[in-house]
Amino acid sequence: MTDLKELYEVVKKRNANDTEFLQAVEEVFESLNVIAQVHPEKLDDDVLTRIVEPERQILFRVPWVDDNGKTQVNRGYRIEFNSAIGPYKGGLRFHPSVNVSIIKFLGFEQIFKNALTTLPMGGGKGGSDFDPKGKSDGEVMRFCQSFMTELARHIGPNTDIPAGDIGVGGREIGYLFGQYKRIRNEFSGVLTGKGLTYGGSLIRTEATGYGLCYFTQALLKDNGTSFEGKTVAISGSGNVAIYACEKATQLGAKVVTMSDSNGFIYDPEGIDLALVKDIKEVRRGRIKEYVEAKPNATYTEGARPWSIKCDIALPCATQNELDLDDAKALVANGVFAVCEGANMPTTPDAIHYLMNNGVFYAPGKASNAGGVACSGLEMSQNAQHLSWTAEEVDEKLEGIMVNIFNTCRDTAKEYGHEKEYVVGANIASFLKVAEAMKAQGTV
């Protein structure tokens with residue numbers, strides 16, 4: 001059996017500047033140490049040394065022409081991390097912060113997240129440091145067409161199926177899909193998150209937020225409670241946050257906060273989601289505009305919402321947004337559960353503090369898997385040339401999320417770490433991928 005500490009040092013040396021990636025590896029290895037103590041024979045040397053190294057890393061130039069006729073150049077990335085249980089599957093992120101470390105961390109997380117869904121999907125991730133904010137539709141289209149011109153040679157419906165992520169919504173997916181179709185002369189399920197008129201799935205837009213709440217509801221139910229009558233703090237105001245707010249409200253909770261990169265709003269009467277949708281989806285404005293229409297609400301510049309008293313916290317914005325001080329504030333205010341809607345939004349010391357203080361913590365690879373689960377359902381519909389109803393997709397999504405919770409709960413208990421859902425998530429997903437890798441030999 002490989003010494004995990006020694007292997008981590010090797011990974012650290014090889015990826016010295018990839019902070020986010022190293023954080024993700026360390027979190028998984030922390031759980032794998034539990035296997036080492038209980039079933040060391042399940043930690044295969046060959047698998048461990050391979051699983052931390054991407055199968056393929058693609059970096060490319062993306063030249064495009066802005067509305068002033070000037071050529072701009074961005075960097076494009078696609079990291080195809082692991083295909084042991086299916087074709088690479090994972091989103092594209094367009095944001096100025098995108099770099100190799102962030103894409104590698106997201107791709108590594110995606111391996112385990114996809115394994116938990118039980119659908120045949122490997123792990124990958126991609127994106128660019130292009131910022132769609134403030135760009136015209138024409139500029140976004142030209143960028144997407146240039147991006148896909150290079151990416152098209154690396155992807156396909158049975159090879160690598162990208163989707164959306166931060167900065168990549170329906171508009172961007174449409175432009176990307178159109179360019180792929182033009183280049184390859186085929187209409188296929190090469191992208192998920194497509195529009196309903198050209199092969200998309202109902203509920204896909206809502207899936208990550210809805211799925212987060214289905215997972216959280218299963219956790220709450222297993223611990224003798226529910227969303228009913230609870231106060232919920234949510235960060236973010238993109239798709240995940242909006243639809244987590246919608247579903248939590250439907251399940252009887254009162255959501256009191258939302259945020260963007262500038263600050264957060266607090267509405268003690270409960271978030272008016274129709275207003276948030278108008279600001280973010282129609283006007284493409286900032287969350288602070290909310291208080292102009294809601295005099296009882298407050299806006300706090302340059303802060304995150306974790307100081308607000310709540311029963312349930314759902315971080316849905318970005319990585320490392322909930323740190324140790326935030327965790328202390330949540331615990332002091334009596335928080336019951338923290339379930340992640342974003343990828344790795346909670347720092348390691350914050351996770352430990354929450355769990356050490358009796359807070360139920362759900363890692364994003366489990367609780368936010370609803371988006372990729374619905375993408376898998378979209379792939380199934382495309383392959384069968386079918387379109388399921390919203391009710392059918394929603395029912396399947398809820399079933400998948402409840403099953404993910406049960407898997408995390410049961411695996412954690414089996415390995416002597418009852419209620420530690422992060423341990424259950426990491427061990428269950430790792431063992432599935434490891435078994436597939438061993439069966440396929442050294443590839």
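Starting from residues that are free of Cβ contacts under 8 Å to residues at least 24 places away in the same chain and within 27 Å of VAL168 (Cβ to Cβ), keep the ones in the range 285-304 and report whichever is surrounded by the fewest Cβ atoms within 10 Å (Cβ to Cβ).
GLY285
Quick test of your reading of the structure: THR149 fulfils all but one of (1) touching a residue at least 60 places away in the same chain (Cβ under 8 Å); (2) surrounded by fewer than 19 Cβ atoms within 10 Å (Cβ to Cβ); (3) over 29 Å from PHE29 (Cα atoms). Name the failing condition by number.
The number of the failed condition is (1).
Considering THR346, THR318, which residue is among the hydroxyl-bearing types (Ser, Thr, Tyr), free of Cβ contacts under 8 Å to residues at least 40 places away in the same chain and under 27 Å from GLU20 (Cα atoms)?
None of the others qualify; the one that does is THR346.
Among the residues of the range 120-142, is any within 19 Å of the chain's Cα centre (by Cα), assigned to a strand (DSSP E or B), over 23 Å from GLY200 (Cβ atoms) and not assigned by TED's automatic domain parsing to the domain that holds LYS280?
No, the range 120-142 has no match at all.
Tell me, which helices (runs of 4 or more DSSP H) lie completely within the range 1-59 with 1 or more residues that are over 20 Å from VAL443 (Cβ atoms) and at pLDDT 95 or above? Give the steps one after another, and end with the answer.
Working: elements: 4-14, 19-38, 45-51.
Where helices (runs of 4 or more DSSP H) fall fully within the range 1-59 and carry at least 1 residues being over 20 Å from VAL443 (Cβ atoms) and at pLDDT 95 or above, they are 4-14, 19-38.
Checking LYS309 against (1) touching a residue at least 40 places away in the same chain (Cβ under 8 Å); (2) not assigned by TED's automatic domain parsing to the domain that holds ASP272, which single condition isn't satisfied?
(2)
Within the range 80-100, track down each residue that is in contact with a Leu (Cβ under 8 Å, 6 or more places away or on another chain) and either part of a strand (DSSP E or B) or not hydrophobic (A, V, I, L, M, F, W, C) (or both).
Step one: of the range 80-100, the residues in contact with a Leu (Cβ under 8 Å, 6 or more places away or on another chain) are 86, 90-93, 100.
Hits for the range 80-100 are GLY86, GLY90, GLY91, LEU92, ARG93.
Quick one: ASN185 ticks every box in (1) surrounded by 24 or more Cβ atoms within 10 Å (Cβ to Cβ); (2) free of Cβ contacts under 8 Å to residues at least 12 places away in the same chain bar one, so which box is it?
(1)
Free of Cβ contacts under 8 Å to residues at least 12 places away in the same chain, more than 23 Å from GLU398 (Cβ to Cβ) and not hydroxyl-bearing (Ser, Thr, Tyr), is that true of VAL282?
Yes.
In the range 286-304, how many residues are in a loop (DSSP other than H, G, I, E, B) and among the aliphatic types (A, V, I, L, M)? Spell out the reasoning first.
Keep residues of the range 286-304 that are in a loop (DSSP other than H, G, I, E, B), which gives 286, 294-297, 302-304.
Okay, now just the ones that are also among the aliphatic types (A, V, I, L, M), so 297, 303.
Of the residues in that region, 2 qualify.
Do the conditions hold for GLY134, that is, is it small (Gly, Ala, Ser) and touching a residue at least 40 places away in the same chain (Cβ under 8 Å)?
The answer is no for GLY134.
Within the range 184-199, is even one residue within 24 Å of ILE166 (Cβ to Cβ), of a type in the set (Ser, Thr, Tyr), part of a loop (DSSP other than H, G, I, E, B) and at pLDDT below 95?
So far as the range 184-199 goes, no, none of its residues is within 24 Å of ILE166 (Cβ to Cβ), of a type in the set (Ser, Thr, Tyr), part of a loop (DSSP other than H, G, I, E, B) and at pLDDT below 95.
Could you list, in sequence order, the residues of the range 357-375 that are under 18 Å from TRP306 (Cα atoms) and either free of Cβ contacts under 8 Å to residues at least 12 places away in the same chain or outside any helix (DSSP H, G or I) (or both)?
Filtering the range 357-375 down to residues under 18 Å from TRP306 (Cα atoms) leaves 357-364.
Within the range 357-375, ASN357, GLY358, VAL359, PHE360, TYR361, ALA362, PRO363 meet the criteria.
Give me a count of the residues in the range 205-230 that are modelled with pLDDT of 95 or more and not in a helix (DSSP H, G or I).
9
Might you let me know whether the range 215-225 holds any residue that is on the phi > 0 side of the Ramachandran plot and surrounded by fewer than 24 Cβ atoms within 10 Å (Cβ to Cβ)?
yes
Pick from TYR353, TYR361: which is of a type in the set (Phe, Trp, Tyr) and in contact with a Phe, Trp or Tyr (Cβ under 7 Å, 6 or more places away or on another chain)?
Values: TYR353 fails: in contact with a Phe, Trp or Tyr (Cβ under 7 Å, 6 or more places away or on another chain).
Answer to the selection: TYR361.
Within the range 66-79, which residues are in contact with an Asp or Glu (Cβ under 8 Å, 6 or more places away or on another chain), outside any loop (DSSP other than H, G, I, E, B) and either basic (Lys, Arg) or surrounded by fewer than 18 Cβ atoms within 10 Å (Cβ to Cβ) (or both)?
Scanning the range 66-79 gives GLN72, ARG75, ARG78.
From the list ALA425, ALA383, which residue is in a helix (DSSP H, G or I), at negative phi and modelled with pLDDT under 95?
When all the criteria are applied, what remains is ALA383.
Taking the conditions exactly as written (assigned to a loop (DSSP other than H, G, I, E, B), surrounded by fewer than 19 Cβ atoms within 10 Å (Cβ to Cβ) and at pLDDT 95 or above), does GLY341 satisfy them or not?
Answer is no for this residue.
If you check GLU41 against the conditions, is it free of Cβ contacts under 8 Å to residues at least 24 places away in the same chain and surrounded by fewer than 17 Cβ atoms within 10 Å (Cβ to Cβ)?
No.
One residue is enough: does the range 389-403 have a residue meeting the conditions surrounded by fewer than 23 Cβ atoms within 10 Å (Cβ to Cβ), touching a residue at least 60 places away in the same chain (Cβ under 8 Å), out of contact with any Lys or Arg (no Cβ under 9 Å at 6 or more places or on another chain) and not in a helix (DSSP H, G or I)?
Among the residues of the range 389-403, at least one is surrounded by fewer than 23 Cβ atoms within 10 Å (Cβ to Cβ), touching a residue at least 60 places away in the same chain (Cβ under 8 Å), out of contact with any Lys or Arg (no Cβ under 9 Å at 6 or more places or on another chain) and not in a helix (DSSP H, G or I), which makes the answer yes.
The values are calculated or read from the model by the stated rules, or taken from the named source; none is laboratory data. Note that the structure is predicted; figures quoted are calculated from it, not measured. Neighbour counts run over all protein chains shown; Cβ positions are idealised from the backbone, glycine included.
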